[in-house]
1. Among the candidates Asp26, Asp75, single out the residue that is modelled with pLDDT of 90 or more, surrounded by 14 or more Cβ atoms within 10 Å (Cβ to Cβ), over 30 Å from Arg193 (Cα atoms) and touching a strand residue (DSSP E or B) at 6+ places or on another chain (Cβ under 7 Å).
2. Is there a residue in segment 131-149 that is within 15 Å of the chain's Cα centre (by Cα), of a type in the set (Asp, Glu), modelled with pLDDT of 95 or more and open to solvent by 20 Å² or more (accessible area, probe 1.4 Å)?
3. Between residues in segment 115-131 that are in contact (Cβ under 8 Å) with a residue 24 or more places away in the chain and more than 28 Å from Ala154 (Cβ to Cβ) and residues that are hydrophobic (A, V, I, L, M, F, W, C) and open to solvent by 80 Å² or more (accessible area, probe 1.4 Å), which pairs lie under 8 Å by C-beta distance while being six or more apart or on different chains?
4. On the given criteria, is Ala210 closer than 24 Å to Ile29 by Cβ, loosely packed, with under 14 Cβ neighbours inside 10 Å, touching a strand residue (DSSP E or B) at 6+ places or on another chain (Cβ under 7 Å) and not hydroxyl-bearing (Ser, Thr, Tyr)?
5. Given the condition of a type in the set (Asp, Glu) and closer than 24 Å to Ile199 by Cβ, answer yes or no: does some residue in segment 97-117 qualify?
6. Test Ile104 against the criterion of being touching a residue at least 40 places away in the same chain (Cβ under 8 Å) and part of a strand (DSSP E or B), and give yes or no.
7. Any residue in segment 96-108 that is open to solvent by 70 Å² or more (accessible area, probe 1.4 Å), modelled with pLDDT under 95 and of a type in the set (Phe, Trp, Tyr)?
8. List the number of the failed condition for Ile55; all other conditions in (1) more than 30 Å from Thr142 (Cα to Cα); (2) at pLDDT 90 or above; (3) of a type outside the set (D, E, K, R) hold.
Amino acid sequence: MKKILLATLITSASFSASADMLIGGDVEINSWQQEHTFNGNDSGDGSELTFEASIEHFIPLLPNIKYGQSSVDGDDLKYTKRDLTLYYEFLDNDLVSLDAGFGITNLHKGEIRDISLLNPWTDFEGSIPHLYAAAEVGVPGTPLFFFAKGNGVAYKDNHMLDVSFGAQYAIPLVAFDLELQAGYRVQQFELERFDDLSIDIDGQTDGLFAGVNIDF
């Protein structure tokens with residue numbers, strides 16, 4: 001009986017370790033303090049929660065998947081930005097990691113203000129492709145590392161950019177690492193006649209953020 005129990009415990013531990021090697025990911029939540037600009041002019045400020053989650057696996061040829069969501073609520077431009085990204089890990093060790101990929105950005109429940117209209121608020125919604133890249137660099141011998149990541153696209157007179165950079169402090173726990181983080185984020189849009197709008201989208205939102213990342 002003791003031999004059977006020992007074999008069962010060893011098998012369970014081995015399976016758990018293998019599962020950790022086969023699949024992983026993270027979930028990130030931040031509070032983003034925002035300053036809004038529209039057509040080069042101040043468009044208010046605010047604070048929004050942002051969310052991001054990714055799933056990574058061991059199959060080399062299949063990409064990993066990431067979903068992100070953030071919202072902007074300015075005086076002249078409002079939207080929810082939803083990003084679905086497929087990416088590959090080109091480098092991943094204790095000190096340096098590098099990811100790159102591609103995906104789709106959807107602007108959901110958008111509203112833009114056109115003061116030339118009797119009813120100045122116009123709804124819009126649509127999607128554009130994006131490229132994605134992320135990098136992390138650790139400080140040797142410490143739980144501190146720095147990161148930069150973002151997605152964007154540029155074509156003709158249109159461009160979209162969403163970039164964040166900052167630092168994380170990792171706290172190892174039993175089932176996952178709890179990473180405290182803080183940094184700076186910038187979202188920019190210059191889109192002509194997006195979703196057949198009568199005016200162009202020309203807005204920027206930027207500011208500090210802080211939150212947690214659960215890495216499992």
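1. Only one candidate qualifies: Asp26.
2. yes
3. none
4. Yes.
5. The answer is yes; a qualifying residue exists.
6. In short, no.
7. Within segment 96-108, not a single residue is open to solvent by 70 Å² or more (accessible area, probe 1.4 Å), modelled with pLDDT under 95 and of a type in the set (Phe, Trp, Tyr).
8. (1)
The values are calculated or read from the model by the stated rules, or taken from the named source; none is laboratory data. This structure is a prediction, so every number in the text was calculated from the model and none was measured. Quick reminder, even Gly has a Cβ in these numbers, built from the backbone with ideal geometry, and neighbours come from all protein chains shown. Each accessible area value is taken on the protein alone, full model and side chains, heavy atoms only, with ligands, DNA and RNA left out. Shrake-Rupley method; radii C 1.70, N 1.55, O 1.52, S 1.80 Å.
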